Every structure is written in structure tokens, then in C-alpha cells.
Amino acid sequence: MSAHLLYEDFLRFVDALAAGAADPWEVYGDHYLGPNRAALEAWWEQCMGLPREVWVERVRRVRPEDHGLLREVVREADLEELAQEAIARCELVVPMAPEPEVYFLVGFFSPDGFAFQVEGEWAIGIGMERLGSLNLVPILVAHEYGHCYRRRQATPRTLGDRLVGEGFAVEVAARSFPERPTHDHLLMHAGQVAAVGQYERLLWQAVKPFLESQEEAVAARVLYGRTGRSELPSRAGIYMGWRLVSRFLESGPGRFDASAAEVLAAGGDVG
């Protein structure tokens, strides 16, 4: 496993802007995009999915003063060591060869953690632009390791696939870092977890009719609560997926390579 510290090249781009570089996109290409083209183009296409003109425009709006917190966050960090430890822990839970590469990059409102394909290989991406600390980075790496493991086998298509995939990713992180609280692994506040847990059966009843849906809007609403008309709590689907998977794995013969159909069939009525 290699950890690729792409954010260092981004900060070189920011420094060039601060020094008075004339064309931000050209400087971005020289310092950041050019040296890291395979990973950054994969990130843009798979995580952002927007026209290239939007990318250019966002680069031209970058302000050097907006990235002081990033410098503070990484000043005393050894991100390569952090990533290596996280991957080593994951390997004890779910061995995977070859181990996924880890890319620490700065994007434009990219997910904090994501699995993406770089030159045909599943890899882990960590978006540094919104991280106020490195506290959750090991959890994010472990979570995305779980996604890489599953996606090497099959691409999730339905909401049910995605629920189960998220559940396995949470469980990989939880077993890799058992000393961390459950709400960290769910990327929720402790109060959120308690509140969602009280309505688990009702949530499952609301989610179950949509398990075969392949609509992105449905997945966004159920998994993350990203639409204004969502009647579900934020990240309710992540919680439900984790409950399904944790029960499946505790049932005896549960396996991390089980299909989503197996997990859903064994899940019965959650709650």
C-alpha cells in the first residue's frame, strides 16, 4: 500500500497563486493536476460528475487564504503512517490483495472519504478540504477499505445493494478500530444514533419498499437525507445497513463476501 499525499502539490499551487501567478488553471495544471492526473481525473469523473468547465471555473475561484486550516491540520501529521496503520488493521479483519492505494487530495466539496477507480484499480480517496482535524481519518480509511473489498466483487446497483455495502464498510471500520465509539463509525453524533435506534422498526418499514430502486435520488434520500423532502433522518440508511450487516455477521456463518441478497434475506424485519 502507498499513501499519495496529493494535497502537498495542491498547497504548492496555492503558494503560486499567493505569489501572484496570472492564470490559476495553468498553475493548477503545472503544480497539481499535471503530476497527479490519473487520480484527479478519476476523482472528478467518478465523484463530481460535472463538466470540465465547472472544474476550471472552481479552480479560478480558489483563494489562498481559504486553506490556512489545512496547513494547520497536516502540520504535525504523518498521514502515510496513519494510512498504513489503518490498512494493517483492516487486513486483520478482511484480508485483501493487493491492498488499495490511499490518496489524500483536495477537491471542491468532494466526499470526506470515497472509493474510486484509478487506472482500473479500486483505491481510497480522502478529501482534505473540509477536514477540521484528523480524528476521523483512520475511520474513513477503514470504511473505504470495506467499500473497496466489496466493489472488487460487484458494483452496487440497487438501494438494497448500497445499504448492505455501507453496512459492511461500517462493520470493517468498527472491527478494525474497536476502541472507537459506534457513532464515530457511523459518522454520526451519539445523540443521532440513539434517536435513530428508537425508531428502527419504523425506519425499516419506510425503507423496505424501495430496496430494488436504482434511482440515485432515492439512494441519496435514504442513505444520507440529502433532499429537502426527505422524511428520514440524516444517514438513516447508513444506520439501517449497519444493523442488517452486524446481525448477519453475528448470526454464525455470516461472511464479509456475502451478497446483498443473502444479507437482506437473513435480515427479516429489522427492529
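The values are calculated or read from the model by the stated rules, or taken from the named source; none is laboratory data. Computed from a prediction, not measured in an experiment: that's the story for all the values here. With ideal geometry, Cβ positions are generated from the backbone for all residues, glycine too; neighbour counts draw on all protein chains shown. Heads up: the accessible areas ignore ligands, DNA and RNA and are worked out on the full protein's heavy atoms, side chains in. Shrake-Rupley method; radii C 1.70, N 1.55, O 1.52, S 1.80 Å.
Filter the stretch 107-136 for residues that are modelled with pLDDT of 95 or more, surrounded by 19 or more Cβ atoms within 10 Å (Cβ to Cβ) and over 10 Å from the mean Cα position of the chain (by Cα) and give the result.
Within the stretch 107-136, Val118, Trp122, Ala123 meet the criteria.
Among the residues of the stretch 217-248 satisfying the criterion of being modelled with pLDDT of 75 or more and more than 22 Å from the chain's Cα centre (by Cα), which is least open to solvent (accessible area, probe 1.4 Å)?
Phe248
So Ile126 ticks every box in (1) in contact (Cβ under 8 Å) with a residue 24 or more places away in the chain; (2) farther than 29 Å from Ala19 by Cβ but one. Which box is left unticked?
(2)
I'm trying to understand the selection: among the residues of the stretch 260-271, which are modelled with pLDDT of 90 or more and either within 19 Å of the chain's Cα centre (by Cα) or open to solvent by less than 50 Å² (accessible area, probe 1.4 Å) (or both)?
Matches in the stretch 260-271: Ala260, Val263, Leu264.
Per-residue answers, yes or no, for (1) among the aromatic types (Phe, Trp, Tyr); (2) in a loop (DSSP other than H, G, I, E, B):
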position: Glu81; (1), (2): no, no
position: Phe116; (1), (2): yes, no
position: Ile126; (1), (2): no, no
position: Leu131; (1), (2): no, yes
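Touching a strand residue (DSSP E or B) at 6+ places or on another chain (Cβ under 7 Å) and over 14 Å from Val141 (Cβ atoms) - does that describe any residue in the stretch 44-66?
yes
Cβ contacts < 7 Å: first residue closer than 16 Å to Val118 by Cβ, restricted to the stretch 23-38; second residue surrounded by 18 or more Cβ atoms within 10 Å (Cβ to Cβ) and among the β-branched types (Val, Ile, Thr), any location; separation 6+ or different chain. Result?
Listed pairs, sorted by first residue: Ala38/Val118.
Determine whether Glu76 is without any contact (Cβ under 8 Å) to a residue 24 or more places away in the chain, open to solvent by 40 Å² or more (accessible area, probe 1.4 Å) and assigned to a helix (DSSP H, G or I).
Here the answer is no, as Glu76 does not meet what is asked.
Here's the yes/no breakdown for (1) polar (S, T, N, Q); (2) under 21 Å from Glu171 (Cα atoms); (3) in contact (Cβ under 8 Å) with a residue 24 or more places away in the chain:
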{"site": "Pro51", "(1), (2), (3)": "no, no, no"}
{"site": "Glu72", "(1), (2), (3)": "no, no, no"}
{"site": "Glu80", "(1), (2), (3)": "no, no, yes"}
{"site": "Ala88", "(1), (2), (3)": "no, yes, no"}
{"site": "Gly120", "(1), (2), (3)": "no, no, no"}
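Looking only at helices (runs of 4 or more DSSP H) that fall completely inside the stretch 144-245, which ones have 2 or more residues that are farther than 27 Å from Val94 by Cβ?
Qualifying helices (runs of 4 or more DSSP H): 190-198, 200-207, 216-219.
Go over the candidates Tyr28, Tyr32, Tyr7, Tyr103 one by one and state the one that is in contact with an Asp or Glu (Cβ under 7 Å, 6 or more places away or on another chain) and of a type in the set (Ser, Thr, Tyr).
Tyr32
Do we have any residue at all in the stretch 5-18 that's open to solvent by less than 60 Å² (accessible area, probe 1.4 Å), closer than 30 Å to Gln153 by Cβ and touching a residue at least 40 places away in the same chain (Cβ under 8 Å)?
yes
Taking the stated definitions as given, is Glu200 surrounded by 15 or more Cβ atoms within 10 Å (Cβ to Cβ), in contact (Cβ under 8 Å) with a residue 40 or more places away in the chain and closer than 18 Å to Asp112 by Cα?
In short, no.
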